[in-house]
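Step one of this worksheet: look at the structure below.
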Amino acid sequence: MPLLTLRSYVSGAWAEGKGTLQTLVNPATEEPLAQAGTGGIDMAAALDHARTKGGPALRALSFAERGALLKAMSDVIQGHRDEILDLAVKNGGNTRSDAKFDVDGATFTLSSYAQIGQSLGDAKFVVDGEGIQLGRTPRFHGQHIAVPRRGVAVHINAFNFPAWGFAEKAAVALLAGVPVVSKPATSSGMVAHRITELLLEGAVLPEGALSLLMGSAGDVLEHLGPQDVVAFTGSGDTGIKIRSMPNVIRHSVRVNVEADSLNAAVLGPDAAPGSETYDFFLKDVLRDMTQKAGQKCTAIRRVLAPSSVAAQVRDDLVERLRSVTVGNPAQEGVRMGPVATADQLQDVRLGIGQLGADGRIVFGSAAEVQAVGAPARKGFFVSPVLVEVEAGAAAPTVHSREVFGPVATVVPYSGSAEDAAGIVARGGGGLVSSVYSEDVAFTSDLVLGLAPHHGRVFLGSAKIAEASPGPGTVLPLLVHGGPGRAGGGEELGGLRGLGFYLQRVALEGSRPVIDRITGNKGS
Ligand code: NAP
């Protein structure tokens, strides 16, 4: 049977790529599932269609109406949840629980932004803050507003969250009134492809509001102009390539980069083994190591424990890792699936060797694993791996190399907040790090030490253990992104996320005229 070819949706029609196509496989069995490519697609025309059809249609709507579109998108995905989960298991190597994390995260983010739209009501742009009296009398007035850009938002996503990655970017752009050209990572693109098909079949969005590139980005970014934006999630190296494109520089194309991150979890000196806080900490570390086979940009990579309990932390983690069943996620009882691609597997294996050289591997290895329910010698499986380093070790790789798999390193520290913050900062900027402590003074000191280096800091107290999904979960109302290695970007954060897609402009003039323009209402 010929392999299914996934098409792109551009310029108002489905288009099949020409030339060499990339094969998408099941990472647990290596069975080919589909093929895709963007050869021959007129990217300039695709962008223009979005700008000229989708942009005006979205801008004609109020925030509440755009919010209603997001709610409809969320409902469509929810209505086909099982089918999408099955695809995520097959094409993403996800366990069902991993797949739910991705797909439910998508619907939740869309519905959260739908609510924000509703709260902004019938406005079509944002009135930003209070008006300002600029002269001696109130007549000379200033007011900031933020209006939708007239361009297109190109969204380039990583392979690990094909549903959430699509939705978390699209929700914000569409609510802002900017059309989207979405490009999922090719290897795991079946989920985003099916979601787009469903949204188009349901005629949920105005024509031109959503396009899909199924395959490589080709020359799409070369056609971006001054009103366009790119939101990219992936490796730091690709982020650099995008940022340094001549037209991106020349036209000051806005670029948001979400890249690598060496997230840390710090156990406070008060959180003794056996305490509720200690157990909460272990649970979060373990979840982050194994969920999505560790392929989460927010996963805990560095486990900081006071030197006095570091050996205990190591032993407790090793004990728990022993019960993780690695295998084909389609099989009952499998707790952790494969990594996404052969390249990923190779990169993770290499990284394990490099991390091991900084200290020693105390659980797992880079060697082949016998995966439950997978054909012999097939699938991109690796065991969970725990590394430990000596207190005060230079450990250059631990603090500079993100091994994007089920891998973490125990790093002892003295027990002082200052020492912990200094070690974490060696990661060069991250998405999220966390503190597990009930000691408010220690927590405050450490949080303020971590804050300049992160987009989010998670305060892991036993008091929130029941309610919390852990630091690895990105929430739509909190910002996601981080400085330095993490890409320097910022997404989500409720209303804040819209700023990337809007042009803020200061109005300076006569108050009655400005009041007329803004409807004299802030939002
Ligand atoms: P990648 O190679 O950079 O790929 C990411 C995306 O960029 C894919 O859609 C890829 O398309 C596309 N791409 C590759 N080269 C491109 C180019 N020259 N121009 C335009 N697009 C290009 O990253 P990856 O290795 O697949 O992803 C894993 C990395 O993503 C990890 O380092 C992880 O930390 C990071 N990540 C970060 C976040 C975050 O929110 N900060 C979230 C998830 C992942 P193809 O698939 O078609 O090659």
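The values are calculated or read from the model by the stated rules, or taken from the named source; none is laboratory data. As the structure is a computational prediction, the values presented were derived from the model and not from experiment. Please note: Cβ atoms are built from the backbone with ideal geometry, for glycine as well, and neighbour counts cover all protein chains shown. Areas reflect the complete protein model, heavy atoms only, side chains present, ligands, DNA and RNA absent. Shrake-Rupley method; radii C 1.70, N 1.55, O 1.52, S 1.80 Å.
Quick notes on this structure:
- In the range 327-336 there is at least one residue matching the filter, namely being farther than 24 Å from Val411 by Cα and basic (Lys, Arg).
- Once the range 458-484 is narrowed to residues that are open to solvent by 40 Å² or more (accessible area, probe 1.4 Å) and either in contact with a Leu (Cβ under 7 Å, 6 or more places away or on another chain) or not in a helix (DSSP H, G or I) (or both), the residue that is farthest from the ligand (Cβ to nearest atom) is Glu466.
- Looking only at the range 485-516, and only at residues there that are under 22 Å from Ile116 (Cα atoms) and part of a helix (DSSP H, G or I), the one that is farthest from the ligand (Cβ to nearest atom): Leu495
- Restricting attention to the range 82-107, the residues that are surrounded by fewer than 20 Cβ atoms within 10 Å (Cβ to Cβ), of a type outside the set (Asp, Glu) and free of Cβ contacts under 8 Å to residues at least 24 places away in the same chain add up to 1.
- Checking Pro226, Pro206 one by one, the residue that is open to solvent by 10 Å² or more (accessible area, probe 1.4 Å), more than 16 Å from the ligand (Cβ to nearest atom), closer than 26 Å to Gly79 by Cβ and not in a strand (DSSP E or B) is Pro206 and no other.
- Pro273 free of Cβ contacts under 8 Å to residues at least 60 places away in the same chain and part of a loop (DSSP other than H, G, I, E, B): yes
- Extreme residue, farthest from the ligand (Cβ to nearest atom), among residues of the range 209-223 that are at negative phi and open to solvent by less than 10 Å² (accessible area, probe 1.4 Å): Ala209
- From Leu58, Leu33, residue being within 24 Å of Val230 (Cα to Cα) and open to solvent by less than 30 Å² (accessible area, probe 1.4 Å): Leu58
- Residues satisfying the stated conditions in the range 241-254, i.e. near the ligand (Cβ under 10 Å from one of its atoms) and open to solvent by 70 Å² or more (accessible area, probe 1.4 Å): Lys241
- Pick from the range 334-369, criterion without any contact (Cβ under 8 Å) to a residue 40 or more places away in the chain and open to solvent by 60 Å² or more (accessible area, probe 1.4 Å), ranking: nearest to the ligand (Cβ to nearest atom): Asp343
- Scope the range 14-62; condition farther than 26 Å from Glu222 by Cα and in contact with a Lys or Arg (Cβ under 7 Å, 6 or more places away or on another chain); matching residues: Asn26, Thr29, Glu30, Leu33, Ser62
- Among the candidates Arg322, Arg360, Arg377, the residue that is at pLDDT below 95, farther than 24 Å from Lys463 by Cα and out of contact with any helix residue (DSSP H, G or I) (no Cβ under 8 Å at 6 or more places or on another chain) is uniquely Arg377.
- Looking only at the range 182-197, and only at residues there that are open to solvent by less than 10 Å² (accessible area, probe 1.4 Å) and part of a helix (DSSP H, G or I), the one that is nearest to the ligand (Cβ to nearest atom): Ala192
- Out of Phe63, Phe159, sole residue that is aromatic (Phe, Trp, Tyr), surrounded by 23 or more Cβ atoms within 10 Å (Cβ to Cβ) and within 16 Å of the ligand (Cβ to nearest atom): Phe159
- Residues in the range 28-79 that are out of contact with any Phe, Trp or Tyr (no Cβ under 9 Å at 6 or more places or on another chain), closer than 30 Å to Arg335 by Cβ and in a helix (DSSP H, G or I): Ile77, Gln78, Gly79.
- In the range 296-318, the residues that are of a type outside the set (Lys, Arg), open to solvent by less than 10 Å² (accessible area, probe 1.4 Å) and within 16 Å of the ligand (Cβ to nearest atom): Thr298, Ala299, Ile300
- Residue within the range 447-461 that is assigned by TED's automatic domain parsing to the domain that holds Glu390, over 20 Å from the mean Cα position of the chain (by Cα) and basic (Lys, Arg) present: no
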